[in-house]
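The values are calculated or read from the model by the stated rules, or taken from the named source; none is laboratory data. Predicted model, so just to flag it, every value in this text is computed and none were measured. With ideal geometry, Cβ positions are generated from the backbone for all residues, glycine too; neighbour counts draw on all protein chains shown. Surface areas here come from the heavy atoms of the whole protein model, side chains and all, with no ligands, DNA or RNA. Shrake-Rupley method; radii C 1.70, N 1.55, O 1.52, S 1.80 Å.
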Amino acid sequence: MKPKEIIKKNLTFSDAPRFGLAFDRQRLNDFVFAGFSASASWKQRRWEENGVEYYDDEWGNIWHRIKNRSNIGEIYKPVLSDWEDLKNLKLPDLAAPERYQKAQQVFKQNQDLYHVGTLAFPFGICRYMRKMEIYFQDLYLERKKIDELHDRITSLLESVIEQYANIGADGIFFCEDWGLQNCLMIRPSLWREVFKPLYQRLCYKAHHHNLLVLMHSCGYIWEIMEDLAEVGINCFQFDQPELYGLEQLAVRLRELKVCLFSPVDIQKILPTGNKELIRKEAKKMVELFSRQNGAFIAKNYGDFVGIGIKPEWDQWAYEAFIEEIEKIE
């Protein structure tokens with residue numbers, strides 16, 4: 001069975017012959033991810049003042065960073081520093097067909113792999129357009145303006161999803177970090193009121209075009225998992241599954257019929273450098289999420305420096321996953 005077919009079965013609880021794999025550095029990988037190209041009608045500006053670098057993005061936000069100390073930095077001036085600017089806001093040409101030509105080539109060159117198009121969802125975009133601390137206030141104080149902005153962004157993203165469907169994507173992947181260490185970032189009731197309808201629109205658009213939906217979120221989002229499954233999220237990409245307890249999470253995802261896409265926990269397990277513990281955790285994940293639930297995809301974490309681990313620690317996890325696949329085969 002081709003990797004594309006295996007991953008589709010993992011994502012849909014359809015008795016896959018094995019769990020999926022997504023490992024870099026010439027290791028086994030059932031996926032190919034691709035995003036839209038840079039706009040031909042926009043060129044980024046960069047300049048420096050007193051050791052601080054400034055640059056803009058295609059949404060119109062201006063960022064600043066201390067050189068050699070930060071790769072991205074923070075928002076300096078959001079595009080909507082005043083709500084009066086909303087009526088004249090020009091959105092980027094994210095849905096221009098020419099921006100998907102390279103992604104289409106990537107997909108064509110990897111026919112047997114599962115094709116995933118990447119994008120952002122409304123929260124991941126709009127929080128920068130106002131600055132995050134102001135944006136959270138807007139959810140209460142400027143609801144009419146926020147709803148208008150969300151609607152415009154969501155309509156644009158629906159067009160992005162259509163473009164991915166047109167070039168042969170099998171699914172879409174987005175990142176929205178909604179969780180803190182032990183709770184949601186906002187009240188669950190507010191999330192349901194403001195964001196759930198937006199997710200429902202975007203997931204409906206994806207499913208209408210036969211695309212499955214994979215969502216990354218850091219932190220603890222237990223309180224809205226059922227809502228996310230209800231609107232059509234097919235897979236949670238968690239990097240810290242131990243926040244929930246593996247056994248409890250396995251039961252929950254089986255009930256919701258949502259796949260887990262995860263490395264060995266990057267907070268509690270991988271950074272220990274304990275080979276026995278890392279290998280044990282990998283095998284436990286296979287037992288709980290693949291053999292019992294039938295819906296699991298193992299992966300590596302892409303930033304070793306960021307979480308303070310060595311490449312060989314990551315390799316221990318990979319080798320343990322491979323051993324489990326060899327048992328199946």
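Observations on the structure shown:
- Of everything in the stretch 46-104 that is farther than 16 Å from C126 by Cβ and among the small types (G, A, S), the residue that is modelled with the lowest pLDDT is S70.
- The set of residues in the stretch 85-115 that are among the aliphatic types (A, V, I, L, M) and assigned to a loop (DSSP other than H, G, I, E, B) comprises L89, L91, L94, A95, A96, L113.
- Filter pass, K257 being of a type in the set (D, E, K, R), crowded, with 21+ Cβ neighbours inside 10 Å and within 27 Å of L119 (Cα to Cα): no
- Scanning the stretch 45-84 for residues that are part of a strand (DSSP E or B) and either in contact (Cβ under 8 Å) with a residue 24 or more places away in the chain or not charged (D, E, K, R) (or both) turns up W47, V52, Y54, Y55, I62, W63, H64, I66, I75, Y76.
- Pairs are defined by a Cβ separation below 6 Å, a sequence spacing of at least 6 or placement on different chains, a first member in the stretch 162-189 that is closer than 13 Å to I224 by Cβ, and a second member that is acidic (D, E) and open to solvent by 30 Å² or more (accessible area, probe 1.4 Å); the pairs so defined are L184/E223; P188/E223.
- Options F107, F33, F19: the member that is open to solvent by less than 60 Å² (accessible area, probe 1.4 Å), touching a His at 6+ places or on another chain (Cβ under 9 Å) and of a type in the set (F, W, Y): F107
- The stretch 190-206, subset in contact with a Leu (Cβ under 8 Å, 6 or more places away or on another chain) and touching a residue at least 60 places away in the same chain (Cβ under 8 Å), residue surrounded by the most Cβ atoms within 10 Å (Cβ to Cβ): Y199
- The condition (being basic (K, R) and open to solvent by less than 80 Å² (accessible area, probe 1.4 Å)) is satisfied by just one residue among R25, R65, R46: R65.
- E226 surrounded by fewer than 18 Cβ atoms within 10 Å (Cβ to Cβ) and not basic (K, R): yes
- Within the stretch 1-16, the set of residues being open to solvent by 60 Å² or more (accessible area, probe 1.4 Å) and in contact with a strand residue (DSSP E or B) (Cβ under 8 Å, 6 or more places away or on another chain) comprises K8 only.
- Just one of (1) touching a Phe, Trp or Tyr at 6+ places or on another chain (Cβ under 9 Å); (2) free of Cβ contacts under 8 Å to residues at least 40 places away in the same chain; (3) charged (D, E, K, R) fails for K87. It is (1).
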